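This report refers to the structure that appears directly beneath it.
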């Protein structure tokens, strides 16, 4: 094979490779054609639940109370009075408390976590459940 033939063969191979790689890319769509992709909501669903849930009628600033016993009594009262809950009063009250603790995550201080976990124990006592 001559030197010129090798160069032209190399050029053809490079062009073919370029075409093959560009053929693998996803085809671009024109604006407004086909299905629309829903945008991700700006807020998380848990924030909406905290603000608008009506499963239990909770006292305003319930989880900011100082006493774990007061938090437990208020949750118990709300759970027993609600007719919109899906489960029993104990499970509803404990779920709401766990939801608040889990949603707080890293933003809760050690003292707040300790107080809220103590409220779990008080809630168990209030409902007569073993710890």
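None of the figures in this text is laboratory data; all of them are computed from the coordinates on show. Predicted, not measured: the structure shown is a model, and the values here were computed from it. Here the Cβ is made from the backbone with ideal geometry for all residues, glycine too, and neighbour counts use every protein chain on show.
Could you tell me which of rounded, prolate or oblate describes segment 48-131, using a ≥ b ≥ c as the square roots of the eigenvalues of the alpha-carbon gyration tensor, with rounded for a/c under 1.5 and, failing that, prolate when a/b is larger than b/c and oblate otherwise? In terms of gyration-tensor shape, oblate. What the Cβ-Cβ distance of residue 124 and residue 83 gives, at R0 = 35 Å and to the nearest 0.05, is a FRET efficiency of 0.90.
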